[in-house]
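J.: Shown below is the structure under consideration.
The values are calculated or read from the model by the stated rules, or taken from the named source; none is laboratory data. Bear in mind that the values here come from a model prediction, so they are computed numbers and not experimental data. Here the Cβ is made from the backbone with ideal geometry for all residues, glycine too, and neighbour counts use every protein chain on show. All accessible areas refer to the heavy atoms of the entire protein, side chains included, with ligands and DNA or RNA removed. Shrake-Rupley method; radii C 1.70, N 1.55, O 1.52, S 1.80 Å.
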Amino acid sequence: MGAYRVVLIPGDGIGPEVTRAARRVIAATGIAVEWEVVEVGHAALGRYGDPLPEAALERIRECGVALKGPVTTSVGEGFPSVNVALRQRLGLYANLRPVRSIPGVFSRYRDVDLVIVRENTEGLYVGVEREPRAGAVEAVRRITAEASLRIARFAFAYAARNGRRSVTVVHKANILKRSDGLFLDCARRVAAGYPGVGYRERIVDAACLDLVLDPSRHDILLCPNLYGDIISDLAAGLVGGLGLVPAANLGDGVAVFEAVHGSAPDIAGKGIANPTALILAGAMLLAHLGGVEAGRAIEAAVARVYREGKRLTPDLGGASTTREFTEAVIAALGDM
Ligand code: NAI
Ligand code: MG
């Protein structure tokens with residue numbers, strides 16, 4: 001069988017470090033991947049004057065699959081978020097974020113097993129802000145029935161296919177009666193077609209409290225864009241941090257795998273980033289391509305390195321480098 005063609009976006013900050021780690025681990029599974037490196041973010045801005053060149057999007061559309069490092073977006077100024085634009089322009093409407101405890105990682109809870117399904121194309125992330133008068137700014141929060149039904153169908157189909165217990169819709173329809181009201185209404189309509197999957201609704205602030213007190217109160221969390229973003233970091237905190245949680249951005253015929261975390265400029269270039277999230281994103285990518293066994297092998301190898309606990313990166317209290325951790329994962333893969 002020929003090699004899979006996959007686009008690799010190194011990204012900014014720790015992106016090149018953690019994508020390199022993921023690439024090495026994927027190579028160690030024996031699955032042949034032909035990587036097509038495509039620049040997006042600051043590298044592309046420097047070279048082409050555009051942080052998200054159309055040619056880069058075209059490469060991803062053609063390949064259908066990409067592994068992506070985080071891309072930096074400046075706060076309060078500069079170009080709009082490349083991450084958001086990439087998701088919108090490729091029609092990656094579902095952001096799937098499995099948040100699972102890894103035995104051996106110090107965290108407040110054991111056995112966390114949550115899945116966040118985040119609407120990925122609209123909400124506050126349409127990025128439309130206007131100034132009706134000096135000293136006042138309004139942001140548009142767009143919710144449509146099409147996108148809401150599409151993400152609800154995705155969440156329920158995922159739940160049914162994976163034998164999940166329930167879907168909790170996270171909303172603030174008590175305040176945002178019409179926009180979150182529409183999101184909620186769409187979820188209810190879809191839920192009616194899945195009597196075998198539990199259905200619940202939770203206001204976003206109460207959902208945060210539930211998760212912090214007892215993450216097992218929820219199973220799949222179906223969220224509009226902003227709540228999904230915030231709850232993802234919160235949930236990452238429940239299992240030991242941002243270095244551990246992978247994400248898949250899924251559309252029709254296109255999938256981009258990345259980490260929940262950003263470019264971590266505070267530790268970039270030091271060789272100490274935790275590559276676990278990107279390595280696990282690589283495992284999701286292989287499963288997506290049909291390499292389910294190889295994906296599982298990567299997860300098992302990562303789990304083993306944490307169980308042994310000798311090669312932890314500094315974010316988890318260890319003193320190992322990105323490279324040492326990665327090599328331990330590769331060695332564990334070799335033993336399987
Ligand atoms: P961040 O997720 O980059 O970092 C938050 C904290 O977690 C930092 O202290 C960082 O050192 C730590 N951290 C994150 N990933 C880590 C890892 N793999 N290993 C060890 N420590 C890790 O969030 P921040 O600082 O708010 O954002 C930095 C930049 O990343 C911003 O420009 C933001 O827009 C961008 N970003 C990009 C994303 C993407 O490409 N999908 C997602 C989130 C943020
Ligand atoms: Mg985020």
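J.: Test A248 against the stated conditions and say whether it is within 12 Å of ligand 2 (Cβ to nearest atom), within 12 Å of P98 (Cβ to Cβ), in contact (Cβ under 8 Å) with a residue 60 or more places away in the chain and surrounded by fewer than 24 Cβ atoms within 10 Å (Cβ to Cβ). Write out each step before concluding.
T.: On the way: within 12 Å of ligand 2 (Cβ to nearest atom): no; within 12 Å of P98 (Cβ to Cβ): yes; in contact (Cβ under 8 Å) with a residue 60 or more places away in the chain: yes; surrounded by fewer than 24 Cβ atoms within 10 Å (Cβ to Cβ): yes.
The answer is no for A248.
J.: Does the stretch 201-212 contain at least one residue that is touching a residue at least 24 places away in the same chain (Cβ under 8 Å), assigned to a helix (DSSP H, G or I), open to solvent by less than 30 Å² (accessible area, probe 1.4 Å) and farther than 23 Å from L238 by Cβ?
T.: The answer is no; no qualifying residue exists.
J.: Something else about it: Could you look through the stretch 263-282, keep only residues that are open to solvent by 30 Å² or more (accessible area, probe 1.4 Å) and more than 17 Å from G240 (Cβ to Cβ), and pick out the one that is farthest from ligand 1 (Cβ to nearest atom)?
T.: Among those that are open to solvent by 30 Å² or more (accessible area, probe 1.4 Å) and more than 17 Å from G240 (Cβ to Cβ), it is G269.
J.: Suppose the filter is at pLDDT 95 or above and not in a loop (DSSP other than H, G, I, E, B); does A22 pass it? Lay out the reasoning, then the answer.
T.: Numbers: at pLDDT 95 or above: yes; not in a loop (DSSP other than H, G, I, E, B): yes.
For A22, the condition - at pLDDT 95 or above and not in a loop (DSSP other than H, G, I, E, B) - is met.
J.: So is Y194 more than 16 Å from ligand 2 (Cβ to nearest atom), open to solvent by 50 Å² or more (accessible area, probe 1.4 Å), free of Cβ contacts under 8 Å to residues at least 40 places away in the same chain and within 30 Å of G64 (Cα to Cα) or not?
T.: Yes.
J.: Still on this model: Does A255 meet the test of being within 12 Å of ligand 1 (Cβ to nearest atom), assigned by TED's automatic domain parsing to the domain that holds R5 and open to solvent by less than 10 Å² (accessible area, probe 1.4 Å)?
T.: no
J.: Hey, another quick one. Within the stretch 304-330, track down each residue that is more than 17 Å from I102 (Cβ to Cβ), open to solvent by less than 50 Å² (accessible area, probe 1.4 Å) and in a loop (DSSP other than H, G, I, E, B).
T.: Result: T321, single match.
J.: State which residue pairs qualify: first residue part of a strand (DSSP E or B) and inside the stretch 54-71, second residue hydroxyl-bearing (S, T, Y) in any location, beta carbons under 9 Å apart, and separation of 6 or more residues or different chains.
T.: Qualifying pairs under 9 Å: V65/Y4; L67/T19; K68/T19.
J.: Select from the stretch 23-38 the residues that are within 30 Å of G78 (Cα to Cα) and either of a type in the set (V, I, T) or open to solvent by 60 Å² or more (accessible area, probe 1.4 Å) (or both) and list them in ascending order.
T.: Those that are within 30 Å of G78 (Cα to Cα) and either of a type in the set (V, I, T) or open to solvent by 60 Å² or more (accessible area, probe 1.4 Å) (or both): V37, V38.
J.: A further question on this structure: Which of (1) over 12 Å from R97 (Cβ atoms); (2) charged (D, E, K, R); (3) in the same structural domain as S179 (by TED's automatic domain parsing) is the odd one out, the single condition D233 does not satisfy?
T.: (1)
J.: Return the residues of the stretch 225-252 that are more than 13 Å from ligand 1 (Cβ to nearest atom) and within 20 Å of G290 (Cβ to Cβ); say none if nothing qualifies.
T.: Across the stretch 225-252, the qualifying residues are L250, G251, D252.
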